[in-house]
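Worksheet: the structure to be examined is printed underneath.
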There are 2 protein chains.
Amino acid sequence: MLYFPDSLNHDEADKKALNTHCLDEQEWQALLDQFISCAGEEDLAGLETAIASDPVTYCLRELNNPIRELTELESQFSSVIIPESPVDAGAYAQHLSENILNQVVPVSSPTFVGHMTSALPRHLPALGKIVTALNQNLVKLETSHILTALERQVLGMVHKLVYHCDETFYKQWLHSSDHALATFCSGGTVANLTAMWACRNQLMPADGDFAGLAREGLARGLMHYGYRGLAILVSELGHYSLKKTVDILGLGQDALIKVDTDKDGKICINALLTQLQKLRQRNIKPMAIVGIAGTTETGSIDPLDILADIAEQEQCHFHVDAAWGGASLLSERYRHLFAGIERADTVTIDAHKQMYVPMGAGMVLFRQPTLTSAIAQHANYIVRKGSKDLGRHTLEGSRSAMSLMLHSNFHLLGRQRLAGLIDASIEKAQQFADLIRQQEDFELISEPQLCLLTYRYVPPKVLPALREGSEQVKQQLHELINTLNQNIQAMQWTAGKSFVSHTCLKPAQWARQPTIVLRVVLANPLTTLAILENMLEEQRQLAQQSPLWQTLHNLIN
Amino acid sequence: MLYFPDSLNHDEADKKALNTHCLDEQEWQALLDQFISCAGEEDLAGLETAIASDPVTYCLRELNNPIRELTELESQFSSVIIPESPVDAGAYAQHLSENILNQVVPVSSPTFVGHMTSALPRHLPALGKIVTALNQNLVKLETSHILTALERQVLGMVHKLVYHCDETFYKQWLHSSDHALATFCSGGTVANLTAMWACRNQLMPADGDFAGLAREGLARGLMHYGYRGLAILVSELGHYSLKKTVDILGLGQDALIKVDTDKDGKICINALLTQLQKLRQRNIKPMAIVGIAGTTETGSIDPLDILADIAEQEQCHFHVDAAWGGASLLSERYRHLFAGIERADTVTIDAHKQMYVPMGAGMVLFRQPTLTSAIAQHANYIVRKGSKDLGRHTLEGSRSAMSLMLHSNFHLLGRQRLAGLIDASIEKAQQFADLIRQQEDFELISEPQLCLLTYRYVPPKVLPALREGSEQVKQQLHELINTLNQNIQAMQWTAGKSFVSHTCLKPAQWARQPTIVLRVVLANPLTTLAILENMLEEQRQLAQQSPLWQTLHNLIN
C-alpha cells in the first residue's frame, strides 16, 4: 500500500480544496514548507550552536553589563496582538539574540551560585532537541510505547536507590500495569501534591455506606471517620509547596503545622511531639509527617529515622521531601545522612536539581506501589483499565519524555560520576564555610550539611557591638545589618557578574531574631573556591558602597 | 575583578581538595570535561540531526516493521541498577538509535491521525535545544528575568485572543506584579485544576470569624456558608481531568455532575437545568459550570453563550475547557463557533495541541486577573510579596521556558498561517467525512465540528440487518461490530503503518447504545486526503482478516 503518493506534499486536489480561504496557494505551500524546512534556518541553527555548545560563555557575553531592570525591559513586551504575518527564522534568530536571549540569567555560570540550577552536562541540549523533535507524550502507550518501558525502568532505578528492595520485588512491580513504583511530574510541587493526594485518599477508604473520600469528598470523609480535621506536620523550613498542597487538597493552610527547628535547621522532635499531642486534643488526625531531606534554605536534613518511628507510632503516613537532597543518595560517602528515608511511604525527588537534568523532572516514589490505586483513574479513550498507560497514576495528563534526560545522565555519567558531583559539591561547601570563618567581616549562619550554606556580611568592629552593646543598640544594629545584606544582594545582582540569593532565617545563635542571610548553593561543578573568594571580595566592596555603611559606623563610633 | 583565574577549569588547589574521594583526579577532570565537551558527541550530534531535521522520516524508517508488543520490549528495561560507570556519547547514541528511538511512535507522521500530536514546524527542535541549554526557571525573576516579561506578553496575546479587552485593560494588567492574566502550566489537566482551585477558594472567602476556605479548609467552609456540598457540572464528554480535579480539590468524584449530550455531542441545556434544580433541592452549591470547546472524543463545542447565561443566573463560575479547541480562535472563519467564550471566568488552552508547540504548554486564562489572588502564595526566599515572580500565581513551582516556543510560533508563523492550519484541518475533516459517507461499508458516527471525527466499519450487507433485524440479532450484531472495530484498530496499530484511536460513544442514532468508534484528529497539515483514502482501504482489508468477519457473515446469511 502506497501511503505517500506525493511524499510529504499535498497533491493537487488537496491543495485546491484546502487553500481557497485565508491563505492562497503560495502561502499554503510556504506553510507546509515550514514543517519541512524554513527560510533563515541557518541563522537559527547558528544561534542554537552558539548557545548549546557553551551556554555559560553565551550567557556571560554580556557579563560586564549590569542587568537591566525588568520594568525597563517590559516596554518591549507591551503589545498583546499576535503578529499577523510571519518573519523568517533569520530575522527571528537575530531578534532573540540581540534583544532577548542576551539578557537571560546565566543560571549555569559558575559565579551564579544563588539558585539550584547548575551547569548541565554537555550532552543534554542535544537530548532536549531530540525530545522536542520526537514529541512523545508519556500519558499513554499510543504516543510513547517503548519510552513507557524506559520511563518505568528509570523510575525503578530511583526507587531502588531510595528503598533498595530485592529482585523479586522489582520483578513483580517494575512493569506492572495496575500500579506504579513512582511517577514523573513537572517538579517537586506536583510530586508533594501527588504524594499527599494519595495519602489523603488512602486515609479514608470506602467503608460501609461511605464510598470513600475520593468519591464522596473530604467533608463527608471527616464526618464518617469522626475527625474534626486533618493535618500535615513539617518543620518551619518546609517548602512552600506544602502550603499549596494543603490548600489545594481542601485541608486549608491552617492544616499545615509548622514545627520549630533546632540550631542546625532540623525539626525539633520534642516540638513535634507537643504538636501531635495538641492535635489529638483537638481531634485532628495527623495525616502525614513530612521529613525534609535538604531544606531549600539551608540544606538541612531532618532526623528521618526518628520521624519514621514517630509516624509508625502515630500510624500516620511518612513523606520525605527530598526534592533537593534525594540525589545525594547516589553518594556512598553521604547517603548515611538520609538513614530512614527507606521507611518513608512516599518520597519526592527532583531530577532537575542535583541529578543534573534540565527543568521539569520531578518524581514521586511510592514504597508500596499499591498506594497508587488511591489516585488511579481511567477513561474510555485513554488510560483504560488494565492498560499500561502511565497516565493512570499521574496527576498530570500529557507529559514529555523528560525521563529520557535522566536515563542519559545515568548512562553517560553513571552512578560514580554523579556521586563525584555530589561529593565535590558538599566538600566545596565545607571549604567555603572554612573560608567564611577565616574572614573577620563575614559570619557563617548555617553550617553546610549538603552543598548549601548561608552567611552574612557584618562590617569589622560591628560584631562586638552587636554582641555586647545595649539592647537598643543591638536591635538597631541587627536591623541595619539585615538591610545592608539585602543591599549587598541586590547590588550584586544588578552588577550582573555573580549571584547569591537571600532569605530570612531565625538563627538560634541570634536568639531567633529574623535575620537576612546570603544563600549559596554549590551544585555547579564549575564553581571554584577562587571564584567564591572573589565573590566575598566583591560583596565586601559592595557593602562599602551601600548608603548604610556610614550610618552603621556612626552608630558604633 | 578577575572571576575566572583559570577559565572554566578548577585550579590546582581545588582539584586536589575535591578529588581525594570517590573519583581520582583524572576522573574528576573527565567529569568536568563532560560539562564542556563529551567524548563521542559527534555521534550524538549525528543522531540529533537525523531526528530533528526530519522526525517524520526518522520515525518512519521502520515503517514496514510491525510495532513490537510492549511486554516484549520490557525485557530490555528490567535492570533497576544505575550503571556504575559511564559509556561515551557515541555508544549511547548508537544504543538509542538501534534499540530505543527507532521504536518510538511516529506521532508526527501524517498517517498517524489518532492522537492530538501533530507534526511540528521545523524551527521548534532548535528552540527545544536552546530552551534546554539556557535552562531558565520561570518560577522567579532570579532565574528567568527577561523571559518573565516575555511570558507575560505571550499570555497577554492569548488573553486578548479570548477576551479581546481594550488597551487600557492590558496596560493596567499585562505586567502587573500582584495579579496574572493567565499562567502557563504543564497541560490542560493542571490548567483545569488551577481554574477550579481559584474558583473554589473565591467562592468561600474570609467572612466574619471564618478565615476563608484557603485557610480553614473545605469542611469548615461548607459549614460556614451552609452548603451540603459543592458541584461542578459538565457534559458527559468532559475530559477525565475534571474527575481528577474534583477528587484532588476534596469535593469528591461524585461532585462532578455529568450532563447528557445531544446528537451533536453538545451539552443538553434542559438536562443541565434539571441537574441544577436537583442540586438546589439537595442544598448543593453549583460551584462551576464547565463548557467544553472541543471535546476530546468528538471535537464538539458546547453552546457557550447559553452556558454563560445560565452561569450568570446561577451566580456560579463559568469555566471553558478549550484545551483542544482554543487554538481555533485564531481563525476568523471559525472563531464564531466559540461565541460566549469571552464571558468565561476562566479558560483552559493547550498550546501543545493546535498551536503546534511541543508537549508541556498548558495555559489557564483569567477574565478578571484579580481572581488569581485566591491562589496567590509567597515565601521568604521566593515569590515574595510584591515581586513579579510568576510563581506567585502558578500551581507548579519550577518550570521551563515553554512560553518561548509559543512566542516563536506567533512570530515565525504569525496569526494568519496559524489560522490557515486551523482552517485546513477543519476543512480536511469535512472532506474526510464526505469520503466516509461515500463508502458503503463505513459509517460516520460524529460529524466534524472541528478537525475531529469518529466513524466505524460496518461490513456491507450488515447495515440493513443492524437496522431492521430482530432485536436479538440487532443486539448481537452491534456487539460483534464493536469488537470488529476494536480488532481493526488494534491490528492497524500493530501493523505500524498508520494509526487511529478508538473510544466508546453513545450515539443518538444508535439509541445511545455503547458504540466503539474509530477516532481521527486531522491536525497534521501533512496528512492528505489520499492518505486518508488509503487508510480506509487498509481498514477494510484488516476487517476481512479479523476472525470475526466470518461469524458476522454467518449471522446475517
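Here, each number is a calculation from the coordinates, and none is a lab measurement. Keep in mind that this is a model prediction, so the values were computed, not measured. Positions of Cβ are generated from backbone atoms using ideal geometry, with glycine treated the same way; all protein chains shown enter the neighbour counts.
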Output ordering of B:314-320, A:464-470 (per-residue mean of other Cβ within 10 Å, highest first) is B:314-320, A:464-470
By the C-alpha gyration tensor axes a ≥ b ≥ c (rounded if a/c is under 1.5, else prolate when a/b exceeds b/c, else oblate), the shape of region A:83-178 is oblate
If you rotate chain A onto chain B, the residue of A with its Cβ nearest that axis, and the gap in whole angstrom, comes out as A:Gly250, 1
Taking every residue of A:101-108, the Cβ atoms of other protein chains inside 10 Å of its Cβ average out to 6
In whole Hz, the Karplus estimates of ³J(HN,Hα) for region B:301-310 (6.51, -1.76, 1.60; θ = phi - 60°; x where Gly or Pro) are 10, 5, x, 5, 5, 5, 4, 4, 4, 5
With A:His319 itself left out, Lys, Arg at +1 and Asp, Glu at -1 over residues whose Cβ is under 14 Å from its Cβ give -3
Interchain or sequence-distant (5+) residues whose placed amide H lies within less than 5 Å of the amide H of A:Leu256 are A:Ile232
Debye calc, one equal point scatterer per Cα of region A:319-404, no solvent, log10 I(q)/I(0) at q = 0.11 1/Å comes to -0.38
Sorting from shortest, the nanometre distances separating the label point of B:Gln29 (7 Å past Cα along the line to Cβ) from those of the same residue in the other copies are 5.8
Excluding residues fewer than 8 positions from B:Lys243 in its own chain, the aspartates and glutamates with Cα under 15 Å of it are A:Glu216, A:Glu396, B:Asp254, B:Asp321
Dividing the helical contributions, -39500 (n - 2.57) per DSSP H run of n ≥ 4, by the residues of chain B yields a 222 nm value, nearest 500 deg cm²/dmol, of -13000 deg cm²/dmol
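With contacts defined as alpha carbon pairs under 8 Å and 6 or more residues apart, what's the relative contact order of chain B in percent?
Value for chain B: 17 percent.
How do B:His115, A:His411 rank when sorted from fewest to most other Cβ atoms within 10 Å of their own Cβ?
A:His411, B:His115
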Here the correct list, in nm and shortest first, of distances from A:Lys461 to the same site in the other copies, label points 7 Å along Cα→Cβ, is 10.8
Residues whose built amide H sits under 5 Å from the amide H of A:Tyr334, excluding neighbours closer than 5 in sequence, are none
Expressed as a whole number, the average count of other chain Cβ atoms within 10 Å around the Cβ atoms of A:359-365 is 4
The set of residues whose placed amide H lies less than 5 Å from the amide H of B:Ala182, leaving out same-chain residues fewer than 5 positions away, is B:Phe366
Surrounding charge for A:Phe442, neighbours by C-beta under 13 angstrom, Lys/Arg +1, Asp/Glu -1, total -4
Excluding residues fewer than 8 positions from B:Lys497 in its own chain, the aspartates and glutamates with Cα under 12 Å of it are B:Glu62, B:Glu538
For region A:201-213, Karplus-derived ³J(HN,Hα) couplings (6.51, -1.76, 1.60; θ = phi - 60°; whole Hz; x for glycine and proline) come out as 5, 5, 5, 10, x, 4, 7, x, 8, 8, 7, x, 4
In nanometres, the difference between 0.36 nm per residue of separation and the alpha-carbon distance of B:Arg437 and B:Arg68 is 129.5 nm
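Sorting check: for B:438-444, B:422-428, B:396-402, A:532-538, which peptide has the highest mean count of neighbouring beta carbons within 10 Å, and how do the rest follow? Don't skip to the answer; put the middle values down first.
Details: B:438-444: 16.0, B:422-428: 24.7, B:396-402: 27.3, A:532-538: 18.3.
So the peptides B:438-444, B:422-428, B:396-402, A:532-538, ranked by packing, come out B:396-402, B:422-428, A:532-538, B:438-444.
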FRET efficiency for B:Glu533 and B:Glu25 from the Cβ-Cβ distance with R0 = 56 Å, rounded to 0.05, comes out at 0.30
Normalised Cα Rg of region B:258-324, dividing by 2.2 N^0.38 Å with N its residue count, works out at 1.08
Expressed in µm² per second, the diffusion coefficient of region B:415-555 from the Stokes-Einstein equation, with Rh the Kirkwood radius over alpha carbon pairs, at 37 °C and 0.692 mPa s, is 209
Gyration tensor on Cα atoms of chain B, a ≥ b ≥ c root eigenvalues, a/c under 1.5 rounded, else prolate if a/b beats b/c, else oblate, says oblate
Using alpha carbon centers only, region B:77-152 is separated from region A:413-444 by a whole-angstrom value of 32
Each label sits 7 Å from Cα toward the beta-carbon; between B:Gln513 and B:Gln550 the label points are separated, in nm, by 2.5
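Which of rounded, prolate or oblate describes region A:125-172 when judged by the alpha-carbon gyration tensor and an a/c cut-off of 1.5?
oblate
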With the label set 7 Å along Cα→Cβ, A:Asn554 is separated from its counterparts in the other copies, in nm and shortest first, by 10.4
Residue-ordered couplings for region B:87-103, obtained by feeding phi - 60° into the Karplus form 6.51 cos²θ - 1.76 cosθ + 1.60 and rounding to whole Hz (Gly and Pro as x), are 9, 8, 4, x, 4, 5, 4, 5, 4, 4, 5, 8, 10, 10, 5, 6, 10
Exposure proxy check on B:Tyr457, B:Tyr240: fewest-to-most Cβ neighbours within 10 Å is B:Tyr240, B:Tyr457
Distance in nm between A:Gln281 and B:Gln281 label points, each 7 Å along Cα→Cβ, equals 4.7
Hits in region A:536-555: amide N under 18 Å from the 7 Å Cα→Cβ extension of A:Gln472, namely A:552-555
Expected integer from the mean partner chain Cβ neighbour count at 10 Å over A:144-156 is 6
Going fewest to most other Cβ atoms within 10 Å around each Cβ, B:Ile284, B:Ile349, B:Ile36 line up as B:Ile36, B:Ile284, B:Ile349
Length gained if A:Asn102 through A:Asp33 is fully extended, taking 0.36 nm per residue and subtracting the Cα-Cα distance, is 21.9 nm
Charge tally for neighbours of B:Ser75 with beta carbon under 14 Å away, counting Lys, Arg as +1 and Asp, Glu as -1, is 0
